Amino acid sequence: MRIVIKLGSSSVTEIDGSISEATLKEIARQIFQVRRLGHQVVLVSSGAIASGLKILKLYERPSDQVLLRAAASVGQGVVIGAYREIFASFDLEIAQLLMIPGDFADRSQYLHARETLDSLLDLNVVPVINENDALSNEQLRYGDNDKVAALVANLIGADHLLLLTDQIGLFSADPRSVEDASLIQEVEEVNSELLEIAGGSGSDIGSGGMASKLLAAKMASWSGVSCTIASAQEPDVVLRVLTGDSVLGTRVKPRAKRLSARKVWIAFACLSSGVIVVDQGARRALLSGGGSLLPAGVLEVRGVFGYGEAVSVESVDRQIFAKGIVKMDSSDIIELKGLGSKDVGSRPYLEVIHRDNLVLLT
Ligand code: GLU
């Protein structure tokens, strides 16, 4: 089996930003164990910013993005150095891969990344992936590695995504304030109610809270990958997840109908540059499946975007129900909105979003 394991900053580093050697050793031991059983492992690891801040003696996380990027580039080397040393003591070779959203967006980069990862796994190397924070652009960064891990799981066709965190799973309410909060062991479908339960960030160290983990689990589920959210401190967590231990964290089931990698990317990975509001007829046509969005159904355009960018599709009751890649820029859509094919004269009547580039989010 192929498994992607994500370790957050709160697992990789201690509260003061130093490397959590005990956790990394334990993860290395478990990876060594499951590798001997024939499983392949990819790690997605945070910790660069936390570790860099400690080295630079910046005890409070700055809001200045340039400083954070600088801290990430200092810390990334420390994190990977620790992995290298600790994993070597278990005879495990590691490789570093730093990825940006564009690597998942651009088809040729995507295939390139897949080839590299496949080759590393064939060579028995454990890839250790992080977002390339040092050069990332605030608007164009994922910011949390949960999403990166889900995209990697989709990219390599993983069987399982294991999101390790400092909590034992998703609870029905915040266990720190609600006494009878119970662990949700199995999730069929990540819906808005669950996302609300997951609320904001759980720990102060990393950037991804439970809500971000659930969104990543949803991405995995839509890609046909099962996902477990569990504590990094759980004994033998990696082995247990691979043997299907049902009393471990929160397990999110894969959807029976999986989306193509491209549609998962459109739905979750690609940042939305604007909104197109459509009428009820267009909404019905899109939701009943198989339809493209035509200019006739467009009521309003919000934001300025160009050909090939991703936009959200909203109904008149302000519900975003789809997302897609546009075939014309925002000014053309504004010009053509509401017009049928007969109204555009000799101009070609193009789709605003072709159905192959449209994903229903409901
Ligand atoms: N990729 C980041 C890291 O490795 C994410 C965590 C953060 O923003 O603090 O540090």
**Message:** Checking the conditions here, which among Leu67, Leu58 is free of Cβ contacts under 8 Å to residues at least 40 places away in the same chain, closer than 18 Å to Leu135 by Cα and either touching a Leu at 6+ places or on another chain (Cβ under 6 Å) or of a type in the set (A, V, I, L, M) (or both)?
**Reply:** Leu67
**Complete:** In the stretch 65-82, anything of a type in the set (A, V, I, L, M, F, W, C) and either open to solvent by less than 20 Å² (accessible area, probe 1.4 Å) or more than 12 Å from the ligand (Cβ to nearest atom) (or both) is listed as Val66, Leu67, Leu68, Ala70, Ala71, Ala72, Val79, Ala82
**Complete:** With criteria (1) outside any helix (DSSP H, G or I); (2) farther than 20 Å from Thr165 by Cα; (3) more than 12 Å from the ligand (Cβ to nearest atom), Pro62 comes up short on (3)
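Residue-wise test of (1) touching a Cys at 6+ places or on another chain (Cβ under 8 Å); (2) among the hydrophobic types (A, V, I, L, M, F, W, C); (3) more than 13 Å from the ligand (Cβ to nearest atom).
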site	(1), (2), (3)
Ser9	no, no, no
Val12	no, yes, no
Val34	no, yes, yes
Val44	no, yes, no
**Message:** Can you say whether Leu239 is farther than 30 Å from Lys323 by Cβ, of a type in the set (A, V, I, L, M, F, W, C) and in contact with a helix residue (DSSP H, G or I) (Cβ under 8 Å, 6 or more places away or on another chain), as far as the supplied structure shows?
**Reply:** yes
**Fill in**
Quick count over the stretch 302-330, residues being more than 24 Å from the chain's Cα centre (by Cα) and touching a residue at least 24 places away in the same chain (Cβ under 8 Å), is 10
**Asked** Which condition breaks for Ser119 when tested against (1) among the hydroxyl-bearing types (Ser, Thr, Tyr); (2) in a loop (DSSP other than H, G, I, E, B); (3) out of contact with any Asp or Glu (no Cβ under 6 Å at 6 or more places or on another chain)?
**Response** (2)
**Fill in**
Going through the stretch 103-119 in order, the residues found to be over 18 Å from Ser260 (Cα atoms) and open to solvent by less than 30 Å² (accessible area, probe 1.4 Å) are Leu117
**Fill in**
For the stretch 141-172 the number of residues that are within 14 Å of the ligand (Cβ to nearest atom) and in a helix (DSSP H, G or I) is 7
**Message:** Among the residues of the stretch 281-299, what is the count of those that are surrounded by fewer than 18 Cβ atoms within 10 Å (Cβ to Cβ) and modelled with pLDDT of 95 or more?
**Reply:** 1
**Request:** Report, by residue number, each residue of the stretch 204-238 that is more than 16 Å from the ligand (Cβ to nearest atom) and open to solvent by 40 Å² or more (accessible area, probe 1.4 Å).
**Result:** Gln233, Glu234, Pro235, Asp236
**Request:** Name the single residue, out of those in the stretch 137-149 being crowded, with 20+ Cβ neighbours inside 10 Å and at pLDDT below 95, that is nearest to the chain's Cα centre (by Cα).
**Result:** Lys147
**Prompt:** Of all strands (runs of 3 or more DSSP E) completely enclosed by the stretch 210-301, which ones contain at least 3 residues that are closer than 22 Å to Ser172 by Cα?
**Reply:** 226-231, 250-252
**Message:** Of all residues being closer than 15 Å to Gly274 by Cβ and among the polar types (S, T, N, Q) in the stretch 327-356, which is surrounded by the fewest Cβ atoms within 10 Å (Cβ to Cβ)? Just the residue, please.
**Reply:** Ser331
**Fill in**
A careful count of residues in the stretch 120-135 that are within 13 Å of the ligand (Cβ to nearest atom) and surrounded by fewer than 16 Cβ atoms within 10 Å (Cβ to Cβ) gives 1
**Asked** Tally time: how many residues in the stretch 91-102 are under 21 Å from Ala28 (Cβ atoms) and either within 17 Å of the chain's Cα centre (by Cα) or open to solvent by 50 Å² or more (accessible area, probe 1.4 Å) (or both)?
**Response** 5
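The values are calculated or read from the model by the stated rules, or taken from the named source; none is laboratory data. In this text the structure is predicted, and so the values were computed from the model without any measurement. We place every Cβ from the backbone using ideal geometry, glycine too, and count neighbours over all the protein chains shown. Just the protein is used for accessible areas: all its heavy atoms, side chains included, with ligands, DNA and RNA removed. Shrake-Rupley method; radii C 1.70, N 1.55, O 1.52, S 1.80 Å.
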